[in-house]
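A.B. asks: I'd like to ask some things about the structure below.
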Amino acid sequence: MIISDLKTKLGAFQFYFILIALIAATLYLGFIWGNAHYSQQQTIISTHEKSIQNLKLENEDLTKKLNVLGVELEVARLTQQQQFIEIGKSIDVEKDLRTQLAFYQQVMAPELNEQGFLIDGFNIEPALSDNSFRFELVLMQQNKAKNTLKGTLQVTLIGSEEGKAKQYSIDSMLSDQEQKSLTFSFKYFQVIAGEIRLPEGFQPEQVSVHANIFQFKRKKGELTTVFNWDINSN
């Protein structure tokens with residue numbers, strides 16, 4: 001055999017010496033490779049541990065931010081809930097004030113209310129064109145049993161022009177030519193809006209609103225209410 005021939009040729013001492021040297025070299029190389037592999041594994045493990053540590057820190061930071069956001073969200077929710085409560089209270093107060101106003105108008109100023117029909121307000125604000133204004137006229141019905149009311153409105157601007165008293169019908173100032181007259185038809189309330197252009201030199205001071213009221217095709221009554229011309233009323 002090759003090993004026997006090699007042993008006979010080299011001699012027992014040299015043969016075993018070489019064999020032992022090969023085994024030692026193999027063990028040494030295995031040891032070196034093992035250390036290198038171990039060092040590589042340690043490096044990988046260290047890198048993973050650092051990554052895990054960083055992830056833990058990021059997770060803790062995110063958790064803190066999430067807790068802060070949760071608190072802020074709860075505060076915002078409570079604030080919004082409180083605002084809703086305040087708005088509800090304001091609406092209730094407004095309803096009470098309207099009820100009281102209607103009562104005092106019936107007692108102290110019945111001329112402002114014709115059988116439940118009320119001219120509630122006249123709002124005015126400047127339009128884009130010079131000497132032009134947008135208006136809103138608010139009509140309401142206060143009767144508990146509400147039937148449809150219809151009628152016409154005569155709105156007159158009272159003021160001065162060139163130092164003299166002057167009146168103009170709002171019908172002649174309407175920008176919308178198709179809106180030749182102001183009419184109403186409603187059951188609960190109605191807002192009549194439009195745009196007017198004042199004559200040059202005319203300074204309005206008051207607005208007189210006269211309503212002819214009809215119900216079931218029969219005239220129910222008339223009502224006239226006078227408002228101050230106030231472009232800051234809105």
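The values are calculated or read from the model by the stated rules, or taken from the named source; none is laboratory data. These numbers were taken from a predicted model, which means no experiment stands behind them. Counting neighbours? That spans all protein chains shown, and the Cβs are built from the backbone with ideal geometry, glycine included. We work out accessible area using only protein heavy atoms, side chains counted, and drop any ligands, DNA or RNA first. Shrake-Rupley method; radii C 1.70, N 1.55, O 1.52, S 1.80 Å.
A.B. asks: Take the Cβ-Cβ distance between Glu161 and Val226 as r, set R0 to 22 Å, and report the resulting FRET efficiency rounded to the nearest 0.05.
C.D. replies: After rounding to 0.05, the efficiency reads 0.70.
A.B. asks: The stretch 144-208: which GluC sites (Glu not before Pro) are DSSP loop and have at most 13 other beta-carbon atoms within 10 angstrom?
C.D. replies: The qualifying sites are Glu162, Glu178, Glu200.
A.B. asks: With a 1.4 Å probe and every protein chain kept in, tell me what percent of the accessible surface of the stretch 140-224 is carbon plus sulfur.
C.D. replies: The value for the stretch 140-224 is 47 percent carbon and sulfur by accessible area.
A.B. asks: In addition: Hey, can you find the accessible area per residue of the stretch 155-234 for me, probe 1.4 Å, expressed in square angstrom?
C.D. replies: Ligands and nucleic acids excluded, the result is 63 Å² per residue.
A.B. asks: Can I ask one more? Amide H to amide H, which residues 5 or more places from Ser175 or on other chains are under 5 Å from it, using H placed in the peptide plane?
C.D. replies: Answer set, sorted by chain and number: Glu195, Ile196, Arg197.
A.B. asks: Select from the stretch 150-234 those chymotrypsin sites (Phe, Trp or Tyr not before Pro) which occupy a DSSP coil region and have at most 12 other Cβ atoms within 10 Å, ordered by residue number.
C.D. replies: Here the chymotrypsin sites (Phe, Trp or Tyr not before Pro) that fit, given the DSSP loop and packing criteria, are Tyr188, Phe216.
A.B. asks: Still on this model: Whole-Hz ³J(HN,Hα) for each residue in the stretch 46-56, computed from phi via Karplus 6.51 cos²θ - 1.76 cosθ + 1.60 with θ = phi - 60°, x for glycine and proline: what do you get?
C.D. replies: Taking θ as phi minus 60°, the curve returns 4, 4, 5, 5, 5, 4, 4, 5, 4, 5, 5 Hz for the stretch 46-56.
A.B. asks: Here's a follow-up. How big is the stretch 125-234 along each principal axis, measuring the range of its Cα positions in Å and listing the largest first?
C.D. replies: Sorted from largest, the Cα extents of the stretch 125-234 read 47, 28, 27 Å.
A.B. asks: How about the stretch 120-176: which trypsin sites (Lys or Arg not before Pro) there lie in a loop by DSSP and see at most 13 other Cβ atoms within 10 Å?
C.D. replies: Lys144, Lys146
A.B. asks: Would you mind computing Rg(Cα) / (2.2 N^0.38 Å) for the stretch 121-190, counting N as its residues?
C.D. replies: Cα Rg divided by the expected 2.2 N^0.38 Å: 1.36.
A.B. asks: Also, quick follow-up: Expected output is a single nm value to one decimal: the length gained when fully extending between Ser132 and Ile87, i.e. 0.36 nm times separation in residues minus the C-alpha distance. What is it?
C.D. replies: 12.7 nm
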